[in-house]
Amino acid sequence: MTSSELWTRETADRYDAEEAENSSPAALDPTLDFLAELAGNGRALEFAIGTGRVGVPLRQRGVPVTGIELSEPMAAVLRRKADEDTLPVVIGDMATTVVPGEFTLVYLVYNTIGNLLTQDEQVACFENAARHLAPGGRFVIELTVPPLRFLPPGQAAVPFDVSERHLGFDTFDLVEQTLVSHHFTRDDDGRYRRGTCRQRYAWPAELDLMARIAGLELERRVADWAGAPFGPDSAQHISVWRKPV
């Protein structure tokens with residue numbers, strides 16, 4: 001097992017409700033269009049497939065999808081939506097778990113590579129993606145650009161959401177290159193629930209070096225799933241690396 005923190009049954013049971021906005025057709029269709037085009041007529045492998053927010057609708061579009069997921073409770077929620085024959089899921093970590101066959105697409109969305117808390121494990125994740133890719137296949141990552149420009153001297157926290165039902169902010173350890181996301185969420189009974197999630201942040205250039213170590217080449221980097229150009233003020237990136245033929 002890698003250093004990733006395990007998502008509990010309680011977290012898994014409320015995940016889909018909390019991500020309803022990000023699961024709407026308006027939010028998700030550009031992601032599905034992007035991934036389906038890269039998969040083509042081949043198979044797709046999703047690292048950290050979770051409850052199937054992306055994998056299940058991608059499978060419904062006709063792309064054969066297999067998933068790897070560390071959290072059994074998250075995979076159990078997915079299994080309510082699609083059976084094993086429709087969407088196979090292997091319980092394991094995305095850095096070392098191997099599933100049979102080759103894929104034209106391996107993808108990892110929603111900042112999830114940060115769940116691997118060491119650089120060595122993140123490199124191993126790239127190597128595992130390359131291991132599963134057919135020649136010419138692509139590895140896709142969606143990841144936030146570390147917002148360190150918002151940190152004035154002496155400050156260690158950056159807010160990312162201040163809304164009626166949720167307060168979220170990140171605290172940074174600049175030496176260890178890690179962050180902790182803090183969430184204060186107001187439930188229907190008016191009480192606030194606190195949650196935290198630890199991640200290792202990485203810059204686009206660092207990911208490109210990881211890809212090179214794994215034998216992959218950067219093919220494309222955009223600012224969002226709709227394909228907006230990536231620039232100095234982009235808050236996130238969608239990066240595509242290709243396995244040479």
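Assorted remarks:
- Portion, in percent, of the accessible area of the range 152-243 that falls on carbon or sulfur, probe 1.4 Å: 54 percent
- Structural descriptor for the range 137-223: relative contact order 18 percent, calculated from alpha carbon pairs under 8 angstrom and at least 6 residues apart.
- Taking the chain and dividing mean pair separation by its residue count, relative contact order in percent (alpha carbons under 8 Å, at least six apart): 17 percent
- For L218, residues with placed amide H under 5 Å, excluding near neighbours: R242
- Distances between placed amide hydrogens fall under 5 Å for Q236 paired with V145, all partners being 5 or more residues away or on another chain.
- Proximal charge balance of M74 [Cβ under 15 Å; K/R count +1, D/E count -1]: -4
- Share of pairwise Cα separations in the range 84-156, more than 14 Å, in percent: 69 percent
- ³J(HN,Hα) computed for each position of the range 232-245 - Karplus, 6.51 cos²θ - 1.76 cosθ + 1.60, integer Hz, glycine/proline x: x, 9, 5, 8, 8, 9, 10, 10, 10, 10, 10, 8, x, 6
- Only Lys, Arg (+1) and Asp, Glu (-1) charged, at Cβ; the chain dipole about Cα centre in debye: 240 debye
- Projecting the Cα positions of F139, F150, G195 onto the charge dipole of the chain (unit charges on Cβ atoms of Lys, Arg, Asp and Glu, taken about the Cα centre) puts F139 furthest along the positive direction.
- Note on E21: accessible area approximately 150 square angstrom, rounded to 10, probe 1.4 Å, nucleic acids and ligands left out.
- Segment D189-D233, extension gain: residue separation times 0.36 nm, minus the distance between their alpha carbons: 11.9 nm
- Gain on full stretching of the segment that runs from R79 to L148 - 0.36 nm per residue minus C-alpha separation: 21.0 nm
- Net charge of neighbours whose Cβ lies under 12 Å from the Cβ of S4, counting Lys and Arg as +1 and Asp and Glu as -1: -2
- Net charge, G92 excluded, C-beta distance under 11 Å - Lys, Arg +1, Asp, Glu -1: -3
- Estimated inter-spin distance, E19 and Q155, nm [label 7 Å along Cα→Cβ]: 3.0 nm
- Where both bridge residues fall in the chain, DSSP classifies roughly 70% of the beta bridges as antiparallel.
- Under a model in which nothing but the beta-carbon of Lys, Arg (+1) and Asp, Glu (-1) is charged, the range 163-203 shows a dipole of about 80 debye around its Cα centre.
- The accessible-area ordering, largest first, of the residues D189, D93 stands as D189, D93, per a 1.4 angstrom probe.
- Computed with a 1.4 Å probe over protein heavy atoms only, the accessible surface of the chain comes to 50 Å² per residue.
- The label-point distance for L6 and R220, in a model that sets each label 7 Å from Cα toward Cβ, rounds to 3.9 nm.
- Taking R80, R61 and ordering them by how much accessible surface each has at a 1.4 Å probe, largest first, produces R80, R61.
- About the Cα centre, charge dipole magnitude for the range 113-223 (Lys/Arg +1, Asp/Glu -1 at Cβ), debye: 120 debye
- Secondary-structure-derived ellipticity at 222 nm for the chain, considering helices only, amounts to -7500 deg cm²/dmol, per-run term -39500 (n - 2.57) for DSSP H runs with n ≥ 4.
- Heavy-atom accessible area with a 1.4 Å probe sorts K243, K81, largest first, into K81, K243.
- Expressed per residue, the C-alpha convex hull volume of the chain stands at 129 Å³.
The values are calculated or read from the model by the stated rules, or taken from the named source; none is laboratory data. Keep in mind that this is a model prediction, so the values were computed, not measured. Virtual Cβ from ideal backbone geometry, glycine too; neighbours counted across all protein chains shown. Just so you know, the surface numbers come from the protein's heavy atoms only, side chains and all, with ligands and any DNA or RNA stripped out. Shrake-Rupley method; radii C 1.70, N 1.55, O 1.52, S 1.80 Å.
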